[in-house]
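Student: Before I ask anything, let me first share the structure, which is written out below as structure tokens.
All of the numbers you see were taken from the coordinates with simple rules; none came from a lab. As the structure is a computational prediction, the values presented were derived from the model and not from experiment. Cβ coordinates were reconstructed from backbone atoms using ideal geometry, including for glycine residues, and neighbour counts include every protein chain displayed.
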């Protein structure tokens, strides 16, 4: 039973730990530090609707990454049975935390199992060892809004498309007493210890209707001319799934740590959830603008302005019964109306052609975090050389590099990138590969 509890705890901490950075499912973008690709590169219109109207830059291609990281996992799959001697909860948690799409070349060592418990007269201290790195130093907040790839048609700037939307966020916090105990301070009598976790996730899909075009254009904007492009996108969606939870786990020590009465661990959870049957309409607005001139490019995109969903949810509470000590879950309402909001995200990007080099940078204000990326690219005949850097959510500077080889309309891209997507938050190295189809 203790091993199963450990497994569940680690998998929960996988979600709680600060997400270092999402994997980049474009080898070119990955090699350039994850920056928003300039010149209307793949995926740029998802962040800024105005890029639907921007003329494509030279060497722009449609790309597809290859799941080369699945090969070693399929060849040697992890042990999933907690009762097996080969089972390793930390490695499994790392695998879930960092899905094996790309090939991991350098994987940080999993945290050690060694935990030291010091017991004395009215004295208790716990040294978690390497496992301490699993817990964030401060409150852990993570989240993202993902506007999925759209499928549609356009004519004279007007377009319609079908696309999904996914939003999730989580906030884990502990009070000062529990935080100090995690850091190794001894537990104290007559002290409250508490951990709170709040999370929300929602998904929907629907129709996007919009327009993107040039507001002003003088000459060739990719040459010595200038142009200003703008776009707007209205989203009308149907909710597919919604879940929201508010959990509190706490206990209070007695006058003496080793009293005759055991310490009661209190749990209270409040949940809302529904599937497609409880989804109603959602609506939202995206706006964007891009300016081109003299080899420079500047874009501003704001997504999910006043985006909301209506739901009919099941409301439940969960708690541990003080009399029986058993876990109890009660449904207190069905079909309860709930309106949820999707956080607004904003992206500001810039790019410049400096001789043979393309240099690009962006700043993304997302859910609970603001991140930045920097990348560069140059072509030597049929070979592309790329490099970049970014600061991840663990506030670590990561580095990237890569290359591309073009054969007519077909190309191959490779990328190397460091990351800290692991329980110990140490730097690892991954390899990404992809195919490219040039215009």
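Student: How long is the gain from residue 326 to residue 74 if the chain were fully straight, where each residue apart is worth 0.36 nm and the alpha carbon distance is subtracted? Kindly include the intermediate steps, with their values, before the conclusion.
Tutor: Values: separation 252, 0.36 × 252 = 90.72 nm, distance 3.99 nm.
Stretched out fully, the residue 326 to residue 74 stretch lengthens by 86.7 nm.
Student: Once you sort the root eigenvalues of the Cα gyration tensor of segment 303-439 as a ≥ b ≥ c, which label holds: rounded (a/c under 1.5), prolate (a/b larger than b/c) or oblate (the other case)? Provide the component values of the computation, followed by the final result.
Tutor: Details: a/c = 2.81, a/b = 2.20, b/c = 1.28.
It is prolate, given that a/c is not under 1.5 and a/b is the larger ratio.
Student: With the cut-off at 1.5 for a/c, could you classify segment 355-426 from its C-alpha gyration tensor as rounded, prolate or oblate? Numbers along the way, then the final one.
Tutor: Details: a/c = 2.75, a/b = 1.89, b/c = 1.46.
Prolate.
Student: Same structure again: Between residue 216 and residue 371, how many nm apart are label points set 7 Å from Cα along the C-beta direction?
Tutor: 3.4
Student: What ranking do 340-346, 433-439 get when scored by the average of other Cβ atoms within 10 Å per residue, highest first?
Tutor: On the way: 340-346: 18.7, 433-439: 16.4.
Descending packing order for the listed peptides: 340-346, 433-439.
Student: Using 0.36 nm per residue, how much length does the chain from residue 246 to residue 190 gain when fully extended, once their Cα-Cα distance is taken away?
Tutor: Details: separation 56, 0.36 × 56 = 20.16 nm, distance 2.56 nm.
Separation in residues times 0.36 nm, less the Cα-Cα distance, equals 17.6 nm.
Student: A further question on this structure: Quick check: the distance between the Cα centres of segment 194-235 and segment 263-311, to the nearest angstrom?
Tutor: A separation of 13 Å, based on Cα centres.
Student: Moving on to the next point. First measure r as the distance between the Cβ atoms of residue 83 and residue 296, then evaluate 1/(1 + (r/R0)^6) with R0 = 56 Å and state the FRET efficiency to the nearest 0.05.
Tutor: Values: r = 61 Å, r/R0 = 1.09.
It comes to 0.35.
Student: With labels modelled as points extended 7 Å from the Cα through the Cβ direction, what inter-label distance (nm, one decimal) is found for residue 378 paired with residue 144?
Tutor: That separation, rounded to one decimal, is 3.2 nm.
Student: Name the shape class, rounded, prolate or oblate, that the alpha-carbon gyration tensor gives for segment 178-238, where a ≥ b ≥ c are the square roots of its eigenvalues, rounded holds for a/c under 1.5, and otherwise prolate holds if a/b is larger than b/c and oblate otherwise.
Tutor: Working: a/c = 7.67, a/b = 2.55, b/c = 3.01.
Note, shape of segment 178-238 comes out oblate.
Student: Follow-up question, since we're still on this one. Using the C-alpha gyration tensor of segment 137-220, what are the square roots of 5 times its eigenvalues, in whole angstrom, with the largest one first?
Tutor: Numbers: eigenvalues 514, 52, 12 Å².
They are 51, 16, 8 Å, listed from largest to smallest.
Student: Still on this structure, I have one more. Where both residues lie in segment 296-351, what percent of DSSP beta bridges are antiparallel, nearest 5? Can you show the working numbers first?
Tutor: Working: 20 of 20 bridges.
Approximately 100 percent, going by the DSSP bridge assignments.
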